[in-house]
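Undergrad: I'd like to ask you about the structure that follows.
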Amino acid sequence: MASYSEKFQELLKEGSHIGMAARFQMFMATFLTMPILVLLRRNFGERYFNFFMMVLYVVGLCVLPSIIGDGTGNRLVWWSVTGLLATLTVYHALMIWKRNRNGQRWHSRYDGDVLPIFKILPGSDAATRMFYEPLFVLLIGIALHIESSGSFLGYWFYFASSMMVFLERLNQSAARDLYLNAVDAQIESQHMDAALEGERVKDTEGFIVRGISDVSVKKRERMVNAMKKGIDKQEAAEASRSAHVVMTPPPVPKPVSKPQGESV
């Protein structure tokens, strides 16, 4: 399945101002939320987890206190978050390396497992990603502001919580589109003949072919018959190929003859 970012880019391929603004918004949302998700989730896909971006984040968090000064808030909290982020960055990179070394297949765009603690809450995994995780991040941001007003980490967690909702909604929308496309393809494949013949909508599960009112009934029937013949020929060819598979019989062992000079 295409990731939400791939789906978003596909919908906005044109170089319009709206498309450029939306792509910039997508980049900023990912940039803000990636470190938060690294703290919250496990088992990322290789292409989803951006190791080099995380290294830049850790370096930036190490340098930022000398730039913003008191904006860092409580230094103990700041360096604790920085150390945890650095540790988990290495951990996720090692897990991906270990998976590749063992030859384990894993979807490269997977955005990670939620923490087990969230599974005790009511709702599905999608609800956790859409509501519980962003709410948890928002509460951390509030706590950071209460502990140290104007904290950079507090503002970061605030914005990241809203961006998590945005990205997850986009991700679920892309997944739903993929599912609906698969269902529509099955319906169209199953009821194409009936739709061309003008059957009722309830008999074709909502699939109709519009714009063929000027095509005669006989021509539609010929189209349907041609389609059926093509399918029959394809099935016959496959059956013929499978029937012509030659099985090599096992070799017959030769009888062992006694030497002529041997006597009983």
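Laboratory data are not the source of any read-out in this text; all were calculated from the coordinates shown. These figures come from a predicted structure and were not determined experimentally. Every residue, glycine as well, gets a Cβ built from its backbone with ideal geometry; the counts of neighbours run over all protein chains shown.
Undergrad: Going by C-beta contacts inside 10 Å, put ARG169, ARG101 in order with the fewest on the left.
TA: Numbers: ARG169 13, ARG101 8.
Starting with the residue having the fewest Cβ neighbours, the order is ARG101, ARG169.
Undergrad: Right, next: With each pseudo-label sitting 7 Å past Cα toward Cβ, what's the ALA127-GLN104 distance in nm, one decimal?
TA: Between ALA127 and GLN104, the label points sit 2.9 nm apart.
Undergrad: Which whole-Hz couplings ³J(HN,Hα) result when phi for each residue of region 69-84 is put into the Karplus expression 6.51 cos²θ - 1.76 cosθ + 1.60, θ = phi - 60°, listed in order with x for Gly and Pro?
TA: x, 5, x, 6, x, 5, 5, 5, 5, 4, 6, 5, 5, 4, x, 5
Undergrad: Rank-order 177-187, 152-162 by packing density, defined as the average count of other C-beta atoms within 10 Å over each peptide's residues, highest first.
TA: Working: 177-187: 11.5, 152-162: 18.7.
My ranking of the peptides, most packed first, is 152-162, 177-187.
Undergrad: Each residue of region 28-36 in turn: what ³J(HN,Hα) in whole Hz from Karplus with 6.51, -1.76, 1.60 and θ = phi - 60°, glycine and Pro shown as x?
TA: 3J(HN,Hα) across region 28-36, in whole Hz: 5, 5, 5, 5, 6, 8, 4, x, 5.
Undergrad: Shifting gears a bit: Let me have the relative contact order for region 4-183, percent, based on Cα pairs under 8 Å that are six or more residues apart. Kindly include the intermediate steps, with their values, before the conclusion.
TA: On the way: 161 pairs, mean separation 57.2, N = 180.
Averaging sequence separation for qualifying contacts and normalising by length gives 32 percent for region 4-183.
Undergrad: Tell me which residues come under 5 Å, amide H to amide H, from TRP106 once H is placed; ignore anything under 5 positions away on its chain.
TA: none
Undergrad: Only Lys, Arg, Asp and Glu count, each charged at its Cβ (+1, +1, -1, -1), so figure out the dipole size of region 23-154 about its Cα centre, rounded to 20 debye.
TA: 600 debye
Undergrad: For region 87-97, take each phi angle, set θ = phi - 60°, evaluate the Karplus expression 6.51 cos²θ - 1.76 cosθ + 1.60, and give the result in whole Hz per residue in order, putting x for glycine and proline.
TA: Working through the residues one at a time gives 5, 6, 4, 5, 4, 5, 5, 5, 5, 5, 4 Hz.
Undergrad: Please order ILE120, ILE68, ILE208, ILE36 by the number of other Cβ within 10 Å, starting at the fewest.
TA: On the way: ILE120 6, ILE68 11, ILE208 14, ILE36 22.
With the sparsest Cβ surroundings first, the list reads ILE120, ILE68, ILE208, ILE36.
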